[in-house]
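Undergrad: I have a structure here, written as structure tokens, and I will follow up with some questions on it.
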Amino acid sequence: MSLRSGVATAVGKTSYWFLHTFMHGGSSLPGKLATRIDPEILKHLGQNYDVIVITGTNGKTLTTALTVRVLREKYDHVLTNPTGSNMEQGIVGTFLHAKRSRGQRPLAVLEVDEANVIKVTRYIKPIAFVFTNIFRDQMDRYGEIYTTYKKIIDGVRLAPEATIIANGDAQLFNSVDLPNPKIYYGFNHLPKGDMKAPTNTDGILCPKCQHVLHYHFMTYGNLGDYFCPNCGFHRPELNYAVTKLGAMTPTASTFDLDGEPFKIGIGGLYNIYNALAAYAVGRFLNVEPAQIRQAFTSDERVFGRQEVVHVGDKDVTLILIKNPVGVNQVIDMILTEPEDFSFVGLLNANYADGIDTSWIWDGEFEKLGAAGTGENPKIKAFLTGGERYKDITFRLKVAGIDQPMIEPDLTKVTAKIKELPTKKVYVLATYTAVLQLRKQLASEGLIKEGMGA
């Protein structure tokens, strides 16, 4: 260890101790301080770990959490960044507060922002990358999906020996020739047909000849068993697959992986992909299917990912939204709710959310219908809020929801939630809105202190 890295580590650990002892926590500041002193601090901090990098547009946080649960069935020391602080400084902070391990070489399962993959692989050579998906997201930061994938690939090229564990149903992950060993996961639950993606679907051009791709079947967004009728480009052979879908509700999903039954305590087709990715990582590291099944039974909730908070007599489910494909999947998921419920939409437009809110117009809010009428009589009330409450309120009005309750001040949203007419409440919120709401919930003693950022 160099003198500089030693000083950086000491400052980072001291600041972490101070923040978590006397303040309300924080995962980024210690990393910022340490990196400012030694820009190469990650090289020192990560040298004794086998690192797995999980990246992509949607599903990083839950895939990381599920992967950690799976690996802890077999391995004693698994470090991770559970707060979703996935930029370089947050990852440095994760290593700074890690406890020393004895015995087997420890694992580090890290959620990494797409643009920060290269900032990790510049100093650490992972044993594996996990690719979830690539969708249009925060275009002010990333641009189009091809730009986003290039940011990831630039980082991967620095670790050519790492195994890539990729969503085989996403054609971008099969579009660039890389020397890395590859494992693909996806869905094989439907008979093969011939169909095209719906209008305005992103990422459906063949990367070899630019012809519009066809699909034997689709799951959601641009995902599915794709093929090009012009040049023959097609989905790679899958190593691990969902072979059957069972009952699906907002709180549970049942499905078969490679013919064996599994269940997770969270709803949504998109979350089955996250579970499948975790399964693939587990098998890569020799975790047995029975151990993975056990890991999936945990009812531990993940920050902003369908965690349930009790507000008065309400069961409030917090769900992070940030792009059209994600919000459409969430809408489909909550519409499987068998009981009456209320809908809350909280929209911010800070840097972490994406400052451009135009993506809400590609969300299928029309499926929600008018409160208490139309196709969805179980939705009894709507509430909007956040810094861009006018945008989300107008979007719902265009979708046929004329007069939702409105509360711009997120510190007062919990009081409004208590006034809603149903016991079940679904809150769809952007990242900083989730943070602000959780901070308010913590101040009222309804949850533990909000997550550090």
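Undergrad: What distance in nm lies between label points placed 7 Å from Cα along the C-beta direction at S101 and T411?
TA: 4.2
Undergrad: Let me ask something else. Which of I360, C228, L79 sits farthest toward the positive end of the charge dipole of the chain, with +1 on the Cβ of Lys and Arg and -1 on the Cβ of Asp and Glu?
TA: Checking the options against the dipole of the chain, the answer is L79.
Undergrad: Tell me the carbon and sulfur percent of the accessible area for the chain, rounded to whole percent, probe radius 1.4 Å.
TA: On the way: 9830 of 19090 Å².
Of all accessible area on the chain, carbon and sulfur atoms account for 51 percent.
Undergrad: Right, here's the next one. Accessible area per residue of the chain at 1.4 Å probe, in Å²?
TA: Details: 19090 Å² over 453 residues.
That works out to 42 Å² per residue.
Undergrad: Counting helices only, and only those DSSP H runs with n ≥ 4, report the 222 nm mean residue ellipticity of the chain as the sum of -39,500 (n - 2.57) divided by its residues, in deg cm²/dmol to the nearest 500.
TA: Details: 14 runs with 141 residues, N = 453.
-9000 deg cm²/dmol, from helical runs alone.
Undergrad: Check the straight Cα-Cα distances from K208 and name the aspartates and glutamates below 15 Å, setting aside those fewer than 8 residues away within the same chain.
TA: List returned: D177.
Undergrad: While we're looking at this one, here's another question. Suppose R0 equals 25 Å. What FRET efficiency, 1/(1 + (r/R0)^6) with r the Cβ-Cβ distance, do L205 and L178 give to the nearest 0.05? Provide the component values of the computation, followed by the final result.
TA: Numbers: r = 20 Å, r/R0 = 0.80.
The calculated FRET efficiency here is 0.80.
Undergrad: Rounded, prolate or oblate: which one fits region 171-287, using the alpha carbon gyration tensor with axes a ≥ b ≥ c (rounded when a/c is under 1.5, else prolate when a/b beats b/c, else oblate)?
TA: Details: a/c = 2.18, a/b = 1.41, b/c = 1.54.
Judged from the Cα gyration tensor, region 171-287 comes out oblate (a/c at least 1.5, b/c at or above a/b).
Undergrad: List the relative contact order of region 297-446 as a percent without decimals, with contacts defined as Cα pairs under 8 Å and 6+ residues apart. All intermediate terms of the calculation are to be shown ahead of the outcome.
TA: On the way: 280 pairs, mean separation 49.7, N = 150.
With pairs under 8 Å counted, the relative contact order is 33 percent.
Undergrad: What pairs from K263/K390; K196/K380; K397/K418; K125/K192; K380/K439 go past 30 Å between their alpha carbons?
TA: Values: K263/K390 39 Å; K196/K380 36 Å; K397/K418 23 Å; K125/K192 39 Å; K380/K439 27 Å.
Result: K263/K390; K196/K380; K125/K192 exceed 30 Å.
Undergrad: How much length is gained on full extension from A10 to K192, taking 0.36 nm per residue of separation minus their Cα-Cα distance?
TA: 59.7 nm is the gain from fully extending A10 to K192.
Undergrad: On to the next question. Which FRET efficiency value, to the nearest 0.05, is calculated for S358 and L3 with the Förster distance at 56 angstrom and r the Cβ-Cβ distance?
TA: Working: r = 50 Å, r/R0 = 0.89.
For R0 = 56 Å, the calculated efficiency reads 0.65.
Undergrad: Subtracting the Cα-Cα distance from 0.36 nm times the residue separation, let me have the gained length for K367 to K397 in nm, one decimal. Working shown, then result.
TA: Numbers: separation 30, 0.36 × 30 = 10.80 nm, distance 1.26 nm.
So the extension gain works out to 9.5 nm.
Undergrad: Ranked highest first by the average count of other Cβ atoms within 10 Å around their residues, in what order do 110-117, 67-74 fall? Kindly include the intermediate steps, with their values, before the conclusion.
TA: Numbers: 110-117: 24.2, 67-74: 22.0.
Per-residue Cβ counts within 10 Å, averaged per peptide and sorted highest first, yield 110-117, 67-74.
Undergrad: Continuing with the same structure: If you count, for each residue, the other Cβ atoms within 10 Å and average over each peptide, how do 190-197, 350-357, 427-434, 262-269 line up from highest to lowest?
TA: Working: 190-197: 11.8, 350-357: 16.4, 427-434: 25.0, 262-269: 21.0.
Ranking the peptides 190-197, 350-357, 427-434, 262-269 by packing returns 427-434, 262-269, 350-357, 190-197.
Undergrad: Starting with the highest mean, order 165-176, 213-224 by the number of other Cβ atoms within 10 Å, averaged over the residues of each peptide. Mind showing how you got there, number by number?
TA: Numbers: 165-176: 23.8, 213-224: 21.8.
With the highest mean Cβ count within 10 Å placed first, the list reads 165-176, 213-224.
Undergrad: Still on this structure, I have one more. Note down the nm distance, to one decimal, between modelled labels 7 Å out along Cα→Cβ at Q47 and at A290.
TA: 4.1
Undergrad: Evaluate 2.2 N^0.38 Å with N set to the residue count of the chain, then give the Cα radius of gyration divided by it.
TA: Numbers: Rg = 21.8 Å, N = 453, 2.2 N^0.38 = 22.5 Å.
Here the Cα radius of gyration is 0.97 times the empirical estimate.
The values are calculated or read from the model by the stated rules, or taken from the named source; none is laboratory data. Being a predicted model, the structure only gives us computed values, none of them experimental. As a convention, Cβ positions derive from the backbone with ideal geometry for all residues, glycine included, and neighbour counts pool all protein chains shown. The protein model used for the area step is the full one, side chains on, heavy atoms only, and it has no ligands, DNA or RNA in it. Shrake-Rupley method; radii C 1.70, N 1.55, O 1.52, S 1.80 Å.
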